[in-house]
Amino acid sequence: MADIDLDAFASRYIAVWNEPDPGARRKAVEELWCEDALQLLQPPQVMREAAEKVGMRTVVMEARGHDALEFRVRTAYEEFVAPGAADFRVRGDVQRLHDLVRFSWVWAPLDGGEPQGGGLQVLLLGPDGRIATDYQFIGL
C-alpha cells in the first residue's frame, strides 16, 4: 500500500472540484482516480425522499472511469464553484485505516459565511495509492 500524506491527499482531492482549468482538472482526475474507478454518491436527502415516494428505497448514483468522473467533477464545478461565491474545503481531520481514507468537506461562501452544504468522503485506495472506489455521502 502506498504511503501518502493524508492532508495533502485530501487537499488534492478537494482542489480538483474547485479547479477552473479543464486541462488541469482532467489531469488531476487521472492522477487521483484509477482508470476504472467508481464513484458512488448517496444523493441529497430531498432526492432520496422523492425516490422513496415512488417506491425506490435504495437510491445510489454512480460514475465509472475517467471520462465519467471528469464529467461529474466539471458539472459540480460549473454549478457550485464557477459562479464565484463559494468553494469546497476539507473540514476536520483526515483519517486512514489500511486502504480506506475518510474526511469531511464543506461547500462554503468565500466571504467566510456558514457552510451551505457538505458531506463525507470514504475512499478505497488501490495498490498504487489512487482511488479505486469513492463513496460520497451528501449532507452536513
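Read-outs: derived from the displayed coordinates by stated rules, not from any lab. The structure presented is a predicted model; accordingly, all values stated were derived computationally and were not measured. Note that we place each Cβ from the backbone using ideal geometry, even for glycine, and neighbour counts take in every protein chain shown.
Listing for the model above:
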{"quantity": "Qualifying residue in region 40-50 (condition: touching a residue at least 60 places away in the same chain (Cβ under 8 Å), basic (Lys, Arg) and either surrounded by 11 or more Cβ atoms within 10 Å (Cβ to Cβ) or under 16 Å from residue 121 (Cα atoms) (or both))", "calculated": "no"}
{"quantity": "Residue within region 54-61 that is surrounded by 14 or more Cβ atoms within 10 Å (Cβ to Cβ) and either touching a residue at least 24 places away in the same chain (Cβ under 8 Å) or under 22 Å from residue 90 (Cβ atoms) (or both) present", "calculated": "no"}
{"quantity": "Residue within region 88-102 that is free of Cβ contacts under 8 Å to residues at least 40 places away in the same chain and at positive phi present", "calculated": "yes"}
{"quantity": "The listed residue being among the basic types (Lys, Arg) and closer than 20 Å to residue 30 by Cβ, out of 96, 91, 64", "calculated": "64"}
{"quantity": "In region 79-127, the residues that are among the charged types (D, E, K, R) and within 19 Å of residue 5 (Cβ to Cβ)", "calculated": "89, 91, 93, 96, 99, 102"}
{"quantity": "Hits in region 1-30 (condition: over 16 Å from residue 71 (Cβ atoms), in contact (Cβ under 8 Å) with a residue 60 or more places away in the chain and surrounded by 12 or more Cβ atoms within 10 Å (Cβ to Cβ))", "calculated": "4, 6, 7, 9, 10, 11, 13, 14, 18"}
{"quantity": "Per-region count, region 120-140, residues crowded, with 19+ Cβ neighbours inside 10 Å and free of Cβ contacts under 8 Å to residues at least 60 places away in the same chain", "calculated": "0"}
